[in-house]
Amino acid sequence: MTQSLALVAAEPELQAAAAELARQYQLSLTHQGDDFDLELTREGLQLRWLARPEYQPLTLDYTRGRQAWRQQLGGGKQEAVVRALGVAHGFRPRVLDATAGLGRDGLMLAHAGCNVWLLERHPAIHALLDQAVLHLQQHQQLHDKLNWAAQVEVLPRGSLLEHSDIPSRWLELDIDAVYLDPMFPEREKSAAVKKDMQILQHLVGPDLDADGLLPMALALAKHRVVVKRPVKAPFLAGQKPSSQVLSKKHRFDVYMKAPYPKA
């Protein structure tokens, strides 16, 4: 599910930059009764929920705060997503994160040594993600000895579901594994859900077409597909996985096609 929304400037001095970003990401510069907008501030893009002004705007910044801490301390083999993708024994798969969202799991895989391509179909989330990755890469070039973010690329906005046949530009990436984390209909009370996820749920809605992702992912991946699901959720497309990796609130269903080559 996608919707049109505006990209606006927080200050008059930023209007030219906002117009350029709106052109780049094919977003409007004027409101059309939207519930959300993207706002360009001096610190970067932020997503505002106009109907809920008590909510802090959603921002993405991988260089500081909780997400940077997680990358620094949690990027090893103990992460469930890293184990599910089979990052071990010296082999680092080339991964397409085909439902990238806020990019957190994809960044964890890159931090663990994988080359990662991020694919996102919602215009606002894609813009936030692309700008956040660009900022991280620029920051690492200036400040960090290990420039692991160079292994991440945000693809042009899109979805596996937009194509009946896999485009040649994706086949050329030589993808070892595809990672899927479709938005699942939320069954918990909203108070139990983190506010950034509440914003995403209201903006994007559940991925009601998610079952169609699995056959496309299996066709594209050379070795495996990994699907992140709530622990009690049904299998994607009703298809039982080859194995599973469990975490406290989620499970990672692993669909094997072929073993990875030995490093």
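The values are calculated or read from the model by the stated rules, or taken from the named source; none is laboratory data. Since we're looking at a predicted model, the values are computed, not measured. Positions of Cβ are generated from backbone atoms using ideal geometry, with glycine treated the same way; all protein chains shown enter the neighbour counts.
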Exactly one of (1) under 15 Å from residue 119 (Cα atoms); (2) in contact with a Ser or Thr (Cβ under 6 Å, 6 or more places away or on another chain) is unmet by residue 207. Its number? (2)
Out of the residues in region 226-242 meeting the condition of being assigned to a helix (DSSP H, G or I) and of a type in the set (Gly, Ala, Ser), tell me which one is surrounded by the fewest Cβ atoms within 10 Å (Cβ to Cβ). 238
List the residue pairs whose Cβ atoms are under 9 Å apart, where the first residue sits in region 139-155 and is in contact (Cβ under 8 Å) with a residue 12 or more places away in the chain and under 18 Å from residue 128 (Cα atoms), the second is hydroxyl-bearing (Ser, Thr, Tyr) and surrounded by 14 or more Cβ atoms within 10 Å (Cβ to Cβ), and the two are 6 or more positions apart or on different chains. 139/62; 139/63; 149/62
Filtered residues of region 1-34 (kept if in contact (Cβ under 8 Å) with a residue 24 or more places away in the chain, under 29 Å from residue 209 (Cβ atoms), out of contact with any Leu (no Cβ under 6 Å at 6 or more places or on another chain) and in a loop (DSSP other than H, G, I, E, B)): 1, 2, 3, 4, 5, 26, 31, 32
Do you know which residues across region 78-114 are over 23 Å from residue 261 (Cβ atoms), out of contact with any Leu (no Cβ under 8 Å at 6 or more places or on another chain) and modelled with pLDDT of 95 or more? none
Outside the structural domain of residue 201 (by TED's automatic domain parsing) and either over 14 Å from residue 130 (Cα atoms) or of a type in the set (Asp, Glu) (or both): which single residue out of 16, 22 fits that description? 16
Within region 35-52, which residues are within 20 Å of residue 134 (Cβ to Cβ) and assigned to a loop (DSSP other than H, G, I, E, B)? 42, 43
